[in-house]
Amino acid sequence: MSTLLLKDITKSYLKTPVLQDINLDIKEGEFVVIVGASGCGKSTLLRTIAGLESASSGAIYIDNQDVTNKEPKDRDIAMVFQNYALYPHMKVYDNIAYGLKVRKRPKAEIKERVNKIATLLQIDHLLDRKPNALSGGQRQRVAMGRAIIRNPKLFLFDEPLSNLDAKLRVDMRLEIKRLQQQLKITSLYVTHDQVEAMTMADRIVILNKGYIEQFDTPKMLYQKPASVFVAGFIGAPSMNFINAKTTDNGICLEDGGELDIVLEDNHDAGKDIIIGIRPEHLQLSEQKNDVDITVTVDTIEHLGAETLLYGFIPSSQTRITMKINGYWSGSVGETIHLHARKEHLHAFDPDTKKRIDLNRHIHYA
């Protein structure tokens, strides 16, 4: 197992910054997922770690050894790409064995390791086939086998499941996580799919326009997002955001609803604030609770076990999404009252978009 340390990594193309001030300390055997919107720098960061791109500044350490200026072949990293990159003229056996053959390992050792890896990946019955005779999931397993057989210091995965159908993606992400836990190789995995990130990662890097917004466990990203961006990115459907203002008695929503939260300092009264509430934490109510919001429903999505309601606060036109059980029998145009418990509320500074702790006095830097 190996460690990975990135210090102040930046990357620019023609003076346009792509990565800015990237600092990461990844532990031995950790599975870290890098996620963010398209164009945020995910793949560039992975390629920079692999040595396929050179950093504009900063340093990269693998096992405390500076590899910033080393060639890719000297970093002992295995990379699995989106397009698999298999040799079409070679059989599965030779594709997996290729890395050992170029290193001139003994034939008996190569055969033993190929058979072991193929059995581990459940493709031992496919060793005599060529890639064009395989399904997408089988090709992905071969690509993983070619990476695993080298026993590298780091695994790098660049959106390896994006070409697969939905069911196979679920099967393969479970398989990749199981293999990583079994092999205990430090791994970085790039994806745009937050479900993959939340279900596979020990910790997640949230990238936004080349910056790290938050680096934390899936649980903490969901429960305590560090910014409006993270709060809106993690969770499906996305978090609801409502403009509000602090008062002497608590917080007043833009539609006039009151949050019964006592602030420690009176001088904090009158400040603007953004309140976040996840759709799954909103509940139907017939009476005033901790948070009471009136919403007019304009769209309904029945998903079987659950129903998604979309609507707006009449006084402000703020859009609201709510997730409830599938037995709701209301209709479009109906006015409903929603409430949420205090512990499910999130608060953000409207200027910096950073998280505010509602359990302490509100102070903007």
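Read-outs: derived from the displayed coordinates by stated rules, not from any lab. Owing to the predicted nature of the structure, the values given are computational and were not obtained by experimental measurement. Ideal geometry is used to build each Cβ from the backbone, glycine not excepted, and the neighbour counts take in all protein chains shown.
If you average 1/r over every pair of different alpha-carbon atoms in the chain and take one over that average, what Kirkwood value in Å do you get? Write down the numbers at each step before the final one.
Working: mean 1/r = 0.0430 Å⁻¹.
It is 23.3 Å.
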In what sequence, highest mean first, do 35-44, 174-183 appear when ranked by Cβ atoms within 10 angstrom? 35-44, 174-183
Using Cα positions and a limit of under 30 Å, work out the lysines in reach of Lys130, with same-chain residues fewer than 8 apart set aside. Lys73, Lys91, Lys101, Lys104, Lys107, Lys111, Lys116, Lys153, Lys167, Lys177, Lys184
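Would you compute, from DSSP H runs of 4+ residues alone, the mean residue ellipticity of the chain at 222 nm, taking -39500 (n - 2.57) per run and dividing by the full residue count, rounded to the nearest 500?
Working: 8 runs with 84 residues, N = 365.
The per-residue figure over the chain is -7000 deg cm²/dmol.
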Over region 25-109, relative contact order from alpha-carbon pairs under 8 Å, at least 6 apart, %: 15
Rough spin-label spacing in nm, given labels placed 7 Å along Cα→Cβ, for Asp21 and His192: 2.7
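Multiply the residue gap between Lys104 and Thr10 by 0.36 nm, knock off their C-alpha separation, and tell me the result in nm, one decimal place. Could the numbers behind the result be given before it?
Values: separation 94, 0.36 × 94 = 33.84 nm, distance 3.72 nm.
Taking 0.36 nm per residue and subtracting the Cα distance, the gain is 30.1 nm.
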Going by amide H atoms built from the backbone, whose H comes under 5 Å of the H on Ser2, apart from near neighbours? Gly29, Thr186
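How big, on average over all directions, is the shadow cast by the Cα convex hull of region 197-254, in nm²? Please list the in-between numbers first.
On the way: hull surface 20.7 nm².
For the Cα atoms of region 197-254, the hull's average projected area reads 5.2 nm².
Out of region 1-56, which GluC sites (Glu not before Pro) are coil in DSSP terms and have no more than 14 other C-beta atoms within 10 Å? List each step's numbers first, then the result.
Numbers: sites: Glu28, Glu30, Glu53; in loops: Glu28, Glu30, Glu53.
In loop regions of region 1-56 (DSSP not H, G, I, E or B), the sparsely surrounded GluC sites (Glu not before Pro) are Glu28.
Given 0.36 nm per residue, what is the gain on full extension from Lys342 to Arg178 after removing their alpha carbon distance, in nm?
Values: separation 164, 0.36 × 164 = 59.04 nm, distance 3.73 nm.
So the chain would gain 55.3 nm between Lys342 and Arg178.
With a cut-off of 8 Å between alpha carbons and a minimum separation of six or more residues, what is the relative contact order of the chain in percent?
15
Using Stokes-Einstein with the Kirkwood hydrodynamic radius over Cα pairs, what translational diffusion coefficient do you get for region 1-82 at 37 °C and a viscosity of 0.692 mPa s, in µm²/s rounded to a whole number? Mind showing how you got there, number by number?
Working: Rh = 13.2 Å.
For these conditions, the coefficient is 250 µm²/s.
If you wrap region 131-254's Cα atoms in a convex hull and average its projection over all directions, what's the area in nm²?
10.5
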Excluding Gln214 itself, what net charge comes from residues whose Cβ is under 13 Å from its Cβ, given Lys and Arg +1 and Asp and Glu -1? +4
Please identify the GluC sites (Glu not before Pro) of region 270-330 that satisfy two criteria: DSSP loop assignment and at most 10 other Cβ atoms within 10 Å. Which are they? Glu286
Can you list residues whose amide H is under 5 Å from Glu306's amide H, if they're 5+ apart or on another chain and H is modeled 1.01 Å from N? Gly326
Going by the alpha-carbon gyration tensor, a ≥ b ≥ c the square roots of its eigenvalues, is region 102-201 rounded (a/c under 1.5) or, if a/c is not under 1.5, prolate (a/b greater than b/c) versus oblate? oblate
Charge sum, other residues only, whose C-beta stays under 10 Å from Lys27's C-beta, Lys/Arg counted +1 and Asp/Glu -1: -3
Calculate the spin-label point distance for Gln317 paired with Tyr61, positioning each point 7 Å from the Cα along the beta-carbon direction, and give it in nanometres. 5.4
In order through region 190-200: 3J(HN,Hα) via Karplus (6.51 cos²θ - 1.76 cosθ + 1.60), integer Hz, x for Gly, Pro: 9, 8, 9, 9, 5, 5, 4, 4, 5, 8, 9
For a quick check, take a GNM of the chain with Cα springs below 10 Å and name the residue from Leu126, Leu154, Leu14 with the largest mean-square fluctuation. Leu14
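Multiply the residue gap between Asn132 and Lys219 by 0.36 nm, knock off their C-alpha separation, and tell me the result in nm, one decimal place.
Values: separation 87, 0.36 × 87 = 31.32 nm, distance 4.07 nm.
Difference between extended and current length: 27.2 nm.
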Once you list every other residue whose beta carbon is under 12 Å from the beta carbon of Ala226, what net charge do they have if Lys and Arg are +1 and Asp and Glu are -1? 0
